[in-house]
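K.L.:
Once you've had a glance at the structure underneath, I'll fire off some questions.
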Amino acid sequence: MKTIKIGLAGLSALDKVAKALYIEGKLTGNARFPAPQPPVADITAARTALEQAIADALNGGKDATFKKNEAELALDELIVQEAGHVVSIAGGDEAMILSAGFEVRRPASPIGDLGAPANLRADLTEMPGEIKADWDPVYGAHEYEVQRCDTDPGTGDWQLLGMTTRSRYLDEGLASGSVHWYRVRARGTAGDSPFSDPARAMAR
């Protein structure tokens, strides 16, 4: 079942005027919604008032800006009320919702299995005993597990360094001139990703 998307968030006052005009055109004479509530005439009046308020506010002045904001809120309220009326009649019928000039909210797509973090890089920093690791973010990841190996990464033991919600990690307190390998995996609702390819760096 589709749900209605009112779609006012992020719109400018002029965008809301255009949206109101579209809804007016869609509802006028629409046999599926013979008695819109609020009436189309109310939306038209509020939209016209907002258009005038926008024009008045172009000359500046706090009073004109206040009136524009009030007119915008009034139109917002009517559009929200109309959306509620449309839902009360259309339910989750996508065709009916669209015929009234509103959009439908698409269901979120499942994320699926997480991919291994790509482009892991390990580099020394300006500070002695530090290595910074960073990688490309993984869509759907809640956090990342960072591991380090101090010997051959193919046969050595990998140790957990920590967890981070960012796509970077700073390893500190290392011996100067020591060489270390790093790998990362993403963790999310879908489970853990495979580990990234390892990256090598030597501490300053």
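K.L.:
So what J values fall out for the stretch 116-131 if you push phi through Karplus, 6.51 cos²θ - 1.76 cosθ + 1.60 with θ = phi - 60°, rounded to Hz, Gly and Pro as x?
P.N.:
Residue by residue, the stretch 116-131 yields 5, x, 9, 6, 5, 10, 10, 9, 6, 10, 6, 9, x, x, 10, 9 Hz.
K.L.:
What is the helix-to-structure angle for 40-57, meaning the angle in degrees between its Cα long axis and the longest Cα principal axis of the chain, kept from 0 to 90 and rounded to the nearest 10?
P.N.:
Compared with the principal axis, the helix lies near 70 degrees.
K.L.:
I want the local charge near residue 73. Using Cβ-Cβ distances under 14 Å, sum +1 for each Lys or Arg and -1 for each Asp or Glu among the other residues.
P.N.:
0
K.L.:
Calculate one ³J(HN,Hα) per residue across the stretch 141-158 by plugging θ = phi - 60° into the Karplus curve 6.51 cos²θ - 1.76 cosθ + 1.60, and present them in order as whole Hz with x for glycine and proline.
P.N.:
Coupling constants for the stretch 141-158: 7, 8, 7, 10, 9, 10, 10, 10, 10, 9, 10, 4, x, x, 10, x, 8, 8 Hz.
K.L.:
For the chain, take the longest principal axis of its alpha carbons; what is the angle in degrees between that and the long axis of helix 62-90, to the nearest 10 within 0 to 90?
P.N.:
90
K.L.:
Cα-based Rg (one decimal) and Dmax (whole number) for the stretch 121-202, in Å?
P.N.:
12.6, 39
K.L.:
Skipping prolines and chain starts, which residues have an amide H placed within reach, meaning under 5 Å, of the one on residue 104, given they are 5 or more residues away or on another chain?
P.N.:
For residue 104, the qualifying residues are 5.
K.L.:
Using a Förster distance of 22 angstrom, determine the FRET efficiency expected from the C-beta separation of residue 139 and residue 197, and round it to 0.05.
P.N.:
Working: r = 19 Å, r/R0 = 0.85.
Step by step, r from the Cβ atoms, then E = 0.75.
K.L.:
Let me ask you something else. Please state, rounded to one decimal and in Å, the Kirkwood hydrodynamic radius that the chain gives when every pair of distinct Cα atoms enters the mean of 1/r.
P.N.:
21.7
K.L.:
Also, quick follow-up: Pop a pseudo-label 7 angstrom from the Cα along the beta-carbon direction at both residue 35 and residue 204 and give the gap in nm to one decimal.
P.N.:
So the label points at residue 35 and residue 204 sit 7.7 nm apart.
K.L.:
Under a Cβ-only charge scheme (Lys and Arg +1, Asp and Glu -1), can you give me the dipole magnitude of the stretch 121-202 about the Cα centre, in debye to the nearest 20?
P.N.:
Charge dipole, the stretch 121-202, about its Cα centre: 180 debye, nearest 20.
K.L.:
I want to verify a result. In a Gaussian network model of the chain, Cα cutoff 10 Å, which of these has the top mean-square fluctuation: 173, 91, 140?
P.N.:
Maximum fluctuation in the GNM of the chain, among the listed residues, is at 173.
K.L.:
Could you tell me the center-to-center distance, by alpha carbons, between the stretch 39-89 and the stretch 156-170 in angstrom?
P.N.:
Going from one Cα centre to the other spans 52 Å.
K.L.:
Let me ask you something else. Rounded, prolate or oblate, given the Cα gyration tensor of the stretch 61-148, with a/c below 1.5 counting as rounded?
P.N.:
It comes out oblate by the Cα gyration axes.
K.L.:
Still on this structure: By how many nm would the segment from residue 15 to residue 62 lengthen if fully extended, with 0.36 nm per residue of separation less the alpha-carbon distance?
P.N.:
Between residue 15 and residue 62, full extension yields 14.7 nm more.
K.L.:
Mind counting lysine pairs for me in the chain? Cα separation below 25 Å, and the two need to be 8 or more apart along the chain or on different chains.
P.N.:
Lysine pairs, 8 or more places apart or on different chains, close enough: 13.
Coordinate-derived values only; no laboratory data. Since we're looking at a predicted model, the values are computed, not measured. Every residue, glycine as well, gets a Cβ built from its backbone with ideal geometry; the counts of neighbours run over all protein chains shown.
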